[in-house]
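Working notes, structure below.
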Amino acid sequence: MENEQEVIAYAQHDPEAFGRLYDKHYQPVFGYMYNRTGNAEVAKDLTSETFFQALKNLHRYKPQKGKKFKSWLFAIAVAQVGNYYRGRSKMFEVTTDAAPEIVARDDFRPDIAYRMGEDADELKEQVDLLCKMMKQLNQKQQNILTLRYFSHMTVPEIAAVMKMKEGTVKSHIHRAIKKLQVLMLEEDEQKPTQKEKKRKRLRLPSAI
């Protein structure tokens, strides 16, 4: 079976071979886009643009030790998200209710560790709350947390995507998690009823 580097070499001279790369990486890229935008249609558009840019610039890709094609592709995806937010006022935003079949899939749910009961409404409320809290982080922190806990990337992979040192990535993760913990605590303290105060909280990871 051909390895990915061989497929890339073919695709650099034969655009039809790029389809194999598209098939392999579409779902991870779409999952990242969806988790960053909360909008299925926008996620599809940004994913398509990411692969278009990847195909157009594939001749520039050169394999490097410690930098996989996946990291190169996600660097393009992160840039597309940045473009989206800079021009966000021009786009129509819908809620996650527009794509229940995606939200229901385990691989698109946030996996920042939490323990929940069997109440689906409570789970949805917690997911919505997490998304709300993450929007209060800066764009760099949102990108890094999404890559780490939604796209399941390692710190070295994120460092390659974001063009940062691994230690810097770890620092951003720690600071973002601490800020989320503070935001969640403030949210909990502002709840008007005792019943709501007893609701199980989202449990954020304390380590990378």
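Being surrounded by 15 or more Cβ atoms within 10 Å (Cβ to Cβ), at pLDDT below 90 and either under 20 Å from the mean Cα position of the chain (by Cα) or of a type in the set (Val, Ile, Thr) (or both), is that true of even one residue in segment 75-92? Yes.
At least 2 residues that are in contact (Cβ under 8 Å) with a residue 60 or more places away in the chain in each: list the helices (runs of 4 or more DSSP H) lying fully within segment 2-73 that qualify. Break it down into steps so the answer makes sense when it comes.
On the way: elements: 4-11, 18-37, 40-56.
Passing ranges, in order: 4-11, 18-37.
Residue by residue through segment 5-36, note down the ones that are hydroxyl-bearing (Ser, Thr, Tyr) and surrounded by fewer than 20 Cβ atoms within 10 Å (Cβ to Cβ). Lay out the reasoning, then the answer.
Filtering segment 5-36 for residues hydroxyl-bearing (Ser, Thr, Tyr) gives 10, 22, 26, 32, 34.
Within segment 5-36, 10, 22, 26 qualify.
Restricted to segment 41-50, and to residues that are crowded, with 21+ Cβ neighbours inside 10 Å and hydrophobic (A, V, I, L, M, F, W, C), which residue is farthest from residue 73 (Cα to Cα)? Step through it out loud before you land on a result.
Taking segment 41-50 first, the residues crowded, with 21+ Cβ neighbours inside 10 Å are 43, 46-47, 50.
Remaining after also requiring hydrophobic (A, V, I, L, M, F, W, C): 43, 46.
Numbers: 43: 15, 46: 13 Å.
In this case the residue turns out to be 43.
Does segment 129-144 include one or more residues that are under 20 Å from residue 69 (Cα atoms) and in a helix (DSSP H, G or I)? Give the derivation first.
First, pick out the residues of segment 129-144 that are under 20 Å from residue 69 (Cα atoms): 143-144.
Retained after the next criterion (residues that are in a helix (DSSP H, G or I)): 143-144.
Scanning segment 129-144, I find at least one residue that is under 20 Å from residue 69 (Cα atoms) and in a helix (DSSP H, G or I), so the answer is yes.
Given the criteria in contact with a Phe, Trp or Tyr (Cβ under 8 Å, 6 or more places away or on another chain) and either free of Cβ contacts under 8 Å to residues at least 12 places away in the same chain or of a type in the set (Val, Ile, Thr) (or both), does residue 154 qualify? Full working, then the answer.
Details: in contact with a Phe, Trp or Tyr (Cβ under 8 Å, 6 or more places away or on another chain): no; either free of Cβ contacts under 8 Å to residues at least 12 places away in the same chain or of a type in the set (Val, Ile, Thr) (or both): yes.
No, not satisfied.
The values are calculated or read from the model by the stated rules, or taken from the named source; none is laboratory data. If you're wondering where the values come from, they're calculated on a predicted model, not measured in any experiment. Every residue, glycine as well, gets a Cβ built from its backbone with ideal geometry; the counts of neighbours run over all protein chains shown.
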